[in-house]
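Throughout, read-outs are computed from the coordinates displayed, never taken from laboratory work. All values reported here derive from a predicted model rather than from experimental measurement. Here Cβ is always computed from backbone atoms with ideal geometry, including for glycine, and neighbour counts include all displayed protein chains.
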Amino acid sequence: MAERLSNREGIKGMANPTRYGLERVAYWLQRLSGLGLLAYLIGHIYETSAIVNGKIAWDKMLELTQTIEGHLILTLVIGMCVFHTANGIRVMLGHGGIGVGKPGQPEYPYKAASLNYKQRLCIWVSIALAALAMMYGASVLLGD
Amino acid sequence: MAVVEAPKPSEESNTKTSSQPNTITLRIARSNPSEGQEPSFSEFQIPVQKWTTVLEAILYVKQNFDHSVAVRYSCRQASCGSCGMKINGRPALACYTKVSELNSNVITVEPMNNFPIIRDLAVDFKQLISNHKKMKPFIIREDSEVTPESKEFIQTPQDLEKFLQFSYCIKCGLCNSACPTMATDTSFIGPQGLAQAYRYVADNRDKGKDDRLKIVDDSHGIWRCHFAGSCSQVCPKGVDPAMAIQLLRGYLLGFRK
Ligand code: HEM
Ligand code: SF4
Ligand code: FES
């Protein structure tokens, strides 16, 4: 009820990357990859902690994780890691006011200088690097 | 009494813009939350011209079909900031959006998100105005340019360029409506307010930088901006609030002095 009265979009609106261009997609991917990496980190600590239970427990865990599914997940983690780092550097510099354009007289049709081609290029490069790293990772993990 | 005729499709415009339909369906979101009225849509068939704006289409409904549609507007020329609404899913000024540029025979107008609905398309600006005021939107300094012994504060064109675009904000709230943080954080200052904090910080007549930095350095302040840029995507005046916010944060992060 309160939600309806205040007409906030809520999590569904926050997490909808389809309406406001590439920068909003990057925001969404950064969140998703950050949460994905956090989940992986927790899982990874759990996985590697098996070693304190001795060799048998460790080998059992490896059996569980060194599978096609395990390698597909790892490939995804590689992609998330590369995108999150590369785009994270763009975002951190942006947060400091670097690369966000210079104020000036706005001219019709008022294209925002902060949504400039360098920012967009960095986002595309982050996506491309993640894709390349995933392809390489998949070839190593899943190849013969 | 002057009779205002609604735009009628003319022969000429039919031939010139054959791809453009001259009757569209306008779907208007109706609700009255304080009366417990559930949201619904009213649909109307509206004749349009190439130049008909969404606001004109809504006013056509009010004149010809249903006067009870609640909509706020004033200037009809993107200057007063009253007519912000969601048009086919994106926040925009109704008076500044032509039906023809939407490339659709069906236009859906809804109240802007992240603002409480008063009725139909009219939303409540209390939070935006109060956050705007919290930013101290005025020049802060000891001396004055209006006392008899003082002179006006001189600014060069370069000084002016540093804040001019941010001063074009018409408080329409489109940025707050598009912002992903605003979607979930009920206490966030919002891009409108943060951009205005920077507008005054960047003004070399102003001495209130430290005051304002303290205000925005809050858990629901500038740190909640993730530079998703949606505010700047929808701003109709070229304010570019996303740029203002990052430049402002540059001070707090030590990138700028
Ligand atoms: C060199 C490595 C990394 C860089 C440069 C980086 C950078 C960033 C930046 C700049 C943000 C803030 C984005 C924003 O303001 O919206 C962020 C968010 C986040 N990061 Fe990272 N990060 C890195 C590694 C990691 C790792 C290893 C994890 C997980 C264990 C992680 C988890 C997260 C999470 C959960 C968020 C919050 C997501 C959000 O609020 O949007 N990051 N990261
Ligand atoms: S910054 Fe732009 S979108 Fe936001 S209130 Fe001002 S004019 Fe409207
Ligand atoms: S009516 Fe004034 S901005 Fe649209």
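List of remarks:
- Rounded to whole Hz, the Karplus (6.51, -1.76, 1.60) HN-Hα couplings of segment A:40-46, x for glycine and proline: 5, 4, 4, x, 5, 5, 4
- For B:F41, the residues whose modelled amide H falls within less than 5 Å of its own, excluding neighbours fewer than 5 places apart on the same chain, are B:R30.
- From phi via Karplus (6.51, -1.76, 1.60), per-residue ³J(HN,Hα) for segment B:103-117 in Hz, x at Gly/Pro: 6, 8, 7, 10, 10, 10, 10, 9, x, 4, 6, 6, 10, x, 7
- Of the chymotrypsin sites (Phe, Trp or Tyr not before Pro) in segment B:34-129, those whose Cβ has at most 16 other Cβ within 10 Å and which sit in DSSP loop: B:W51, B:F65
- Unsatisfied cross-links (Cα-Cα over 28 Å) in the set A:K111/B:K162; A:K102/B:K50; A:K118/B:K257; A:K102/B:K209: A:K102/B:K50
- Aspartates and glutamates with Cα under 18 Å of B:K214, excluding same-chain neighbours fewer than 8 positions away: B:D203, B:D206
- Loop chymotrypsin sites (Phe, Trp or Tyr not before Pro), segment B:181-257 (other Cβ atoms within 10 Å of the site Cβ: 16 or fewer; DSSP): B:F255
- Counting only other chain Cβ atoms within 10 Å of each residue's Cβ, the peptide B:106-114 averages 2.
- Peptide B:235-244, shielding by other chains (average Cβ, 10 Å cutoff): 6
- Converting phi to 3J(HN,Hα) with the Karplus coefficients 6.51, -1.76 and 1.60 and the offset θ = phi - 60°, segment A:8-13 yields 6, 6, x, 4, 4, x Hz in sequence order, with x at every glycine or proline.
- The H on the amide N of B:C80, modeled in the peptide plane, is under 5 Å from the matching H of B:C75, each at least 5 residues off or on a different chain.
- Other protein chain Cβ atoms within 10 Å, averaged over every residue that makes up A:13-25: 5
- Cleavage-rule hits (GluC sites (Glu not before Pro)) in segment B:136-166: DSSP loop, at most 12 neighbouring Cβ within 10 angstrom: B:E142, B:E145, B:E149, B:E152
- Test item: Cα-centred dipole of segment B:114-257, Lys/Arg +1 and Asp/Glu -1 on Cβ, debye: 240 debye
- Amide H contacts of B:R256: B:Y251, each under 5 Å away and 5 or more positions distant or on a separate chain (H built 1.01 Å from N in the peptide plane; Pro and chain starts excluded).
- Projecting the Cα atoms of B:L248, B:G229, B:S219 onto the charge dipole of segment B:204-251 (Cβ charges, centred on the Cα centre) puts B:L248 farthest toward the positive pole.
- Cα-based helix-to-principal-axis angle, A:68-95 vs chain A, degrees rounded to 10: 30 degrees
- Cβ charges +1 (Lys, Arg) and -1 (Asp, Glu), total dipole of the protein assembly as shown, debye: 440 debye
- By average C-beta atoms within 10 angstrom, highest first, the peptides A:97-106, A:56-65: A:97-106, A:56-65
- Binned Cα-Cα distance frequencies in chain A - 5 Å width, integer %: 2, 8, 13, 14, 14, 13, 11, 9, 6, 4, 3, 1, 1, 0
- Cross-link partners of B:K133 among aspartates and glutamates (Cα-Cα below 14 Å; sequence separation of 8 or more within a chain): B:D211
- Dipole magnitude for chain B: computed about the Cα centre from +1 point charges on Lys and Arg Cβ and -1 point charges on Asp and Glu Cβ, it is near 380 debye.
- Ellipticity estimate at 222 nm from DSSP helix runs (n ≥ 4, -39,500 (n - 2.57)) divided over chain B, nearest 500: -7500 deg cm²/dmol
- Segment B:126-253, relative contact order in percent, only Cα pairs under 8 angstrom and at least six apart counted: 33 percent
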